[in-house]
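Structure, as structure tokens:
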Amino acid sequence: MEVLKITPRGYCHGVVDAFRIAKRVREETQGPVHMLGMLVHNTHATDDLQQQGIALVDQPDRLRGLEQVKEGTVIFTAHGVSPQVKQRAIELGLKPVDATCSDVVRTHELVADLARQGYEVVYIGRKGHPEPEGVVGEAPGKVFLVQDPADIDALELKGDRVAVTCQTTLSVWDTEDLIGRVQSRYPNAEVHNEICRATQERQEAAVEAAKLVDLVIVVGSPRSSNSLRLVEVVKKLGGKPAYLVDRMEDIETAWFKGATRVGVTSGASTPTQLTRRVIEHIEAMEGSAG
Ligand code: SF4
């Protein structure tokens, strides 16, 4: 089977930085080290970090998660945390280490600044994902999390000064539609599109590549927002089937029936080695495609 290796793919700067910070902390720290949620949303990377001696606190609510940490160091993940979580960690006598991606930090600062200036901030993001949880915590009561058109239609803002921004790892195209919907309700809304460059470049490359292949494989974990969005944009804008592969065992031969060319990309937190193994596996499938 011919494989088109889509570029750019895989690790972004925020993920690389988070790994570097976690590794340094583990090497330099004597006592227990915890990550408050998956450092980056990848199963293999998380397993690897746990093997290195960094305990996972797998609790979607970061404040509750903190209460489970008895002592030692706690690493805030690449997705960021709210100021309340940072404060609570100190109150509990823990040693916090911040591995938040610089792009996410920028969104926190933007939202806090807009709220200080008196804006009502509409924040487009995924409910239940840690990044919105952290950002909304910058200005509770002044930031309004919306995920879909119905949420936007249900907004009841004063509307004098409205700003709209978003999670870093959303679909470029869906977010444009949602921003447009906010603007149709609040025509003076100030737009701050915060989709990060890594997410945007990977999505644009995947959609372009989809035109040249029969299907696209996205190597990434189900909790990874940017990996899930890659699957979505390939299907919706590239018009081709797309499948998420977290482990080698996820690959189904039936997907490749009648296919001659397969695109492979990977999420921003997917280990390069895993993507390489998936590519080699698909290349070796020649003849079995039918
Ligand atoms: Fe940062 Fe974007 Fe990577 Fe997330 S996907 S860690 S926001 S660079």
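The values are calculated or read from the model by the stated rules, or taken from the named source; none is laboratory data. Worth saying up front: this structure is predicted, and the values here are computed from it rather than measured. Neighbour counts run over all protein chains shown; Cβ positions are idealised from the backbone, glycine included.
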Failed condition for GLU204, given (1) surrounded by fewer than 20 Cβ atoms within 10 Å (Cβ to Cβ); (2) under 16 Å from TYR123 (Cα atoms); (3) within 16 Å of the ligand (Cβ to nearest atom), with all others met?
-> (2)
Of all residues in the stretch 120-173 being within 16 Å of the ligand (Cβ to nearest atom) and assigned to a helix (DSSP H, G or I), the one that is surrounded by the fewest Cβ atoms within 10 Å (Cβ to Cβ) | VAL172
Count - residues of the stretch 211-270 that are of a type in the set (A, V, I, L, M, F, W, C) and assigned to a loop (DSSP other than H, G, I, E, B) | 6
Are any of the residues in the stretch 95-118 buried (at least 22 other Cβ atoms within 10 Å of the Cβ), within 16 Å of the ligand (Cβ to nearest atom), outside the structural domain of ALA268 (by TED's automatic domain parsing) and among the charged types (D, E, K, R)?
-> no
Does VAL16 count as at negative phi and part of a helix (DSSP H, G or I)?
-> yes
In the stretch 7-28, residues that are in contact with a strand residue (DSSP E or B) (Cβ under 7 Å, 6 or more places away or on another chain) and either within 16 Å of the ligand (Cβ to nearest atom) or modelled with pLDDT under 95 (or both) total 4
Could you check how many residues of the stretch 19-65 are under 15 Å from GLY80 (Cα atoms), surrounded by fewer than 22 Cβ atoms within 10 Å (Cβ to Cβ) and out of contact with any Gly (no Cβ under 8 Å at 6 or more places or on another chain)?
-> 4
